[in-house]
Amino acid sequence: MAGRGILLVLDSVGCGGAPDAERFGDAGANTLLHIAEACAAGRAEDGRSGPLHLPNLDRLGLGAAIATASGTGAPGLGRRPAAAWGAATEVSAGKDTPSGHWELAGLPVPFDWHYFPQTVPTFPAALTDALIARADLPGILGNCHASGMPILRTHGMAHIRSGKPIFYTSTDSVLQIAAHETAFGLDRLLALCALAAEHVHPMRVGRVIARPFVGDTPESFKRTANRRDFAYPPPAPTLCDRVEAAGRRVIGIGKIGDIFAGRGVSETVKGADDMALFDGLLTALDRAAPGDLIFANFVEFDTLWGHTRDVAGYARALETFDARMPALLARIGAEDLLVITADHGNDPTWPGSDHTRERVPVLMVGPEPGPLGQIAFADVGETLAHHLALAPGPHGRSVL
């Protein structure tokens, strides 16, 4: 049997060049390139300094992948790759987390998601009235498009006083509900989100996200690691289902189980932050068997630094992740296939606070070093399926 498959998604670490970016208002967006340019120009000095320093990822082909995606080299990145590298293009209609992950797992999204309008209120009264009645709520706050921390600072104190949860959305197909873990209760928040999912999934809303937070003042509010996504279930088998059907295990690191609505995920490893998840990844590698799939999402690039448009924070997170790479690579055996990629972009230099439509880097450790060129998201899943000796799926092709 083949070795293990390891798929790491660095959430939002795009590399530009998407051929349909203009349709999304994102022509020219390039998460990695613009971070590297800001660092080289001395515009990302908070908590770090100098050019973007990613020697381990660059040695695997990160700089070459950026050039493959967009035709432009990134300052400080461009070593001769010691792995296989390329860039992947998405065909699903959204630039969101479920679309990206499902397509990477061999299932392009075959429909358009429902998006809530840029109005105030943004949610239909029939939906909010039903949830207020079913969950016995005194009402809701927010009911608008917003970013997570700003809306907590705006409405958090009123929420604690009134018991009204905070409802908001973004340009993604999502309903987010924030509530204080103590004043409102974590279990109550999760139950409310499960009710909300019953109402919005038939509308083809991709996710309901529980956003618990703690703190006593707007300045001390902090979101906790008890976030949970209630995702629309994949409409057809993904790579995860195929691995489980073959009698192997799928170990989901981070929010993978949530993204796939629990389908095809044998075991879930959670952590308080991305570095705790990296520790969980290393532990999972120590006990995974040949034929198993380890599927990890590292979300903080997106949630902490992309949406907040914090270039220096994003650069620090990339450099912190890169520094952990030697410990990971030391655990990759000769029969294993490690794939490092992303699900969409979130250029921290771009206007607004939402995801950006971009190609994503694809770095593969296991095959002979060399260029993969521009491939499809679904090719990532099919390459892993081929490595794990699974029958071909209906979408994508193995690039090995």
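The values are calculated or read from the model by the stated rules, or taken from the named source; none is laboratory data. Quick caveat, the model's predicted, so the values are computed rather than measured. In this analysis, Cβ positions are derived from the backbone assuming ideal geometry, glycine residues included, and neighbour counts consider all displayed protein chains.
Which residue out of Arg316, Arg397 is in the same structural domain as Gly28 (by TED's automatic domain parsing), charged (D, E, K, R) and modelled with pLDDT of 95 or more?
Arg316
Among all residue pairs at least 6 apart or on different chains, which show Cβ distances below 8 Å where the first residue, located in the stretch 365-389, is in the same structural domain as Ala65 (by TED's automatic domain parsing) and the second is assigned to a helix (DSSP H, G or I) and surrounded by fewer than 20 Cβ atoms within 10 Å (Cβ to Cβ)?
Filtered contacts from the stretch 365-389: Val365/Leu329.
Only residues that are part of a loop (DSSP other than H, G, I, E, B), in contact with a strand residue (DSSP E or B) (Cβ under 7 Å, 6 or more places away or on another chain) and surrounded by 24 or more Cβ atoms within 10 Å (Cβ to Cβ): list them for the stretch 345-356, please.
Matches in the stretch 345-356: Asn346, Asp347, His355.
Yes or no: Arg309 among the basic types (Lys, Arg), closer than 24 Å to Pro51 by Cβ and buried (at least 24 other Cβ atoms within 10 Å of the Cβ)?
No.
Looking at the stretch 48-79 only, could you name the residues that are crowded, with 23+ Cβ neighbours inside 10 Å and assigned to a loop (DSSP other than H, G, I, E, B)?
Leu52, Leu54, Leu60, Gly61, Ala74, Leu77
Identify, please: which residue in the stretch 321-344 is among the small types (Gly, Ala, Ser) and within 30 Å of Ala389 (Cβ to Cβ) and is, among those, surrounded by the most Cβ atoms within 10 Å (Cβ to Cβ)?
By that ranking, first place goes to Ala342.
Exactly one of (1) outside the structural domain of Ile259 (by TED's automatic domain parsing); (2) touching a residue at least 40 places away in the same chain (Cβ under 8 Å); (3) surrounded by fewer than 19 Cβ atoms within 10 Å (Cβ to Cβ) is unmet by Gly156. Its number?
Only one criterion is unmet by Gly156, namely (3).
Matching residues to (1) at pLDDT 95 or above; (2) polar (S, T, N, Q); (3) farther than 25 Å from Gln374 by Cβ:
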{"residue": "Gly71", "(1), (2), (3)": "yes, no, no"}
{"residue": "Leu77", "(1), (2), (3)": "yes, no, no"}
{"residue": "Thr97", "(1), (2), (3)": "no, yes, no"}
{"residue": "Leu127", "(1), (2), (3)": "yes, no, yes"}
{"residue": "Arg134", "(1), (2), (3)": "yes, no, yes"}
{"residue": "Ala146", "(1), (2), (3)": "no, no, yes"}
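What are the residues in the stretch 22-39 that are buried (at least 16 other Cβ atoms within 10 Å of the Cβ) and not in a loop (DSSP other than H, G, I, E, B), if any?
If the condition is that a residue be buried (at least 16 other Cβ atoms within 10 Å of the Cβ) and not in a loop (DSSP other than H, G, I, E, B), then Phe24, Thr31, Leu32, Leu33, His34, Ile35, Ala36, Glu37, Ala38, Cys39 are the ones that fit.
Return the total of residues in the stretch 93-113 being free of Cβ contacts under 8 Å to residues at least 24 places away in the same chain and buried (at least 18 other Cβ atoms within 10 Å of the Cβ).
Total meeting the criteria: 1.
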